[in-house]
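Comments concern the structure below.
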Amino acid sequence: MKRVYICHTFYHAYVAVMRELNLGADQGATLLLSTMSNDFGKMKERVEKTGVFSDVFLFDEKEDVTSEEVMAYHRDKGNIVLNLLQRIKYTKLLGKLQEEYIPVDLKKYDDVYVFCDSDPIGYYLNYKKIKYHALEDGLNSGKLDNQAMLANKGAWTLKRFMSGLGLIFIESGYSRYCIDYIVNDISANYMPPRNIVEAPFDEMWKKLSKSDHNTMAEIFIEDIANLRSELSAKGAEKPKVMILTEPLCELDVRKKLFEDIINRYARDYSVIIKPHPRDILDYEKEFPEVIVLKGRFPMEVINDVDDLQVDKLVSVITQIDGIRFAKEIEYLGMEFLDKYENPEVHRKMENLTGKKLQ
């Protein structure tokens, strides 16, 4: 068997579909969509309709907190040696916990591609000794965060060595069974693993045909006609600004943050809110005066609909390289976020490395 892609978010699935379309005709790949932290709605059916993948499965990864046996080995013993000894057991048990929920035999595939291997699926691959390719969680996600280092701050060198032996598990390129860690831009990663490789998002996108772009839109936008209507709704005489929300801060603080951003542009622009798929704040209720896009989809797919465009796109810390549907892009950055949340909360990587992040 050929390839299988294991995805946890709409963005992961977007990249997986794009990679397959780059290969041309149907190659017989499988798509696994984890429902552990994301509701994909009816996307499975839409993917199946296009025929890009031979098989599409939803599966339910199990977090450690769902098992008392696993959690028994996830408590601080107050000693690095004791903690590492119990982590060996934890690594095995969390991997084993997934066994009955994986819908296919991953050992039968020539290439296993995993987005966000820090989730339980990474432990499963370690437990089963299955070699795989890890892909970055989000576009240039290593620019503001290095999950592997942050999750293993103490005794980093020792833990990395143990992960290389397969005794414990470290994500993003440090597992014994991780062939390579695939990212958009190597330079956007701080102290990356040696097996990091570059697969630029922009280059893959440019290889897509007109038919491919239509397929992407068909998969990820449930109602294109409605999206067109929303983007051309009230305030047509004004230029349009699209504000990307993010699951930042506590809900009350998040509301204040985006209220301030909306007020910043409301006079001169028709304001459009694009909610993040995991953002649970009810923007329609809180801000009835603006346009709130319906449906849950990765913002990148708007690039695939050539007649959709806004005048300005605004992001707090979401990386927005390669966006084509906006004439102008404004990235507010970490200093803006500092005004709303204790910097220690979102500058963990900076505090660890001493490197200034923007």
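Might you let me know whether the range 84-106 holds any residue that is part of a strand (DSSP E or B) and under 28 Å from Phe161 (Cβ atoms)? Looking for residues that are part of a strand (DSSP E or B) and under 28 Å from Phe161 (Cβ atoms), one finds none in the range 84-106, hence no. With respect to (1) surrounded by fewer than 18 Cβ atoms within 10 Å (Cβ to Cβ); (2) modelled with pLDDT of 95 or more; (3) of a type outside the set (Val, Ile, Thr), the lone exception for Ser163 is condition (1). Among the residues of the range 280-289 satisfying the criterion of being surrounded by fewer than 18 Cβ atoms within 10 Å (Cβ to Cβ) and not aliphatic (A, V, I, L, M), which is farthest from Arg267 (Cα to Cα)? Residue satisfying both the conditions and the ranking: Asp282.
Yes/no matrix, rows are residues, columns are (1) closer than 30 Å to Val183 by Cα; (2) modelled with pLDDT of 95 or more; (3) of a type in the set (A, V, I, L, M):
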site	(1), (2), (3)
Ile273	yes, yes, yes
Phe287	no, yes, no
Pro298	yes, no, no
Asp306	yes, no, no
Val310	yes, no, yes
Glu328	yes, yes, no
Glu341	yes, no, no
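Of the numbered conditions (1) modelled with pLDDT under 95; (2) within 15 Å of Tyr113 (Cα to Cα), His12 fails exactly one; give the number of that condition. Among (1) modelled with pLDDT under 95; (2) within 15 Å of Tyr113 (Cα to Cα), the lone unmet condition for His12 is (1).
Per-residue answers, yes or no, for (1) crowded, with 24+ Cβ neighbours inside 10 Å; (2) within 24 Å of Asp76 (Cβ to Cβ):
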site: Tyr124; (1), (2): yes, no
site: Leu135; (1), (2): yes, no
site: Lys143; (1), (2): no, no
site: Gln147; (1), (2): no, yes
site: Pro192; (1), (2): no, no
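On inspection, Leu227 fails the criterion of being surrounded by 16 or more Cβ atoms within 10 Å (Cβ to Cβ), in contact with a helix residue (DSSP H, G or I) (Cβ under 9 Å, 6 or more places away or on another chain), part of a loop (DSSP other than H, G, I, E, B) and of a type outside the set (Phe, Trp, Tyr). Among the residues of the range 177-191, is any of a type in the set (Gly, Ala, Ser) and outside any helix (DSSP H, G or I)? For the range 177-191, residues of a type in the set (Gly, Ala, Ser) and outside any helix (DSSP H, G or I): absent. Test of understanding: among Val305, Val292, which residue is crowded, with 18+ Cβ neighbours inside 10 Å, farther than 23 Å from Tyr190 by Cα and out of contact with any strand residue (DSSP E or B) (no Cβ under 6 Å at 6 or more places or on another chain)? Checking each option against the conditions leaves just Val305.
Give the residue that is surrounded by the fewest Cβ atoms within 10 Å (Cβ to Cβ), with candidates limited to residues of the range 23-32 that are out of contact with any Ser or Thr (no Cβ under 8 Å at 6 or more places or on another chain) and at pLDDT below 95. Only one residue tops the list, namely Ala25.
The values are calculated or read from the model by the stated rules, or taken from the named source; none is laboratory data. Quick caveat: nothing in here was measured; it's all calculated off a predicted structure. Counting neighbours? That spans all protein chains shown, and the Cβs are built from the backbone with ideal geometry, glycine included.
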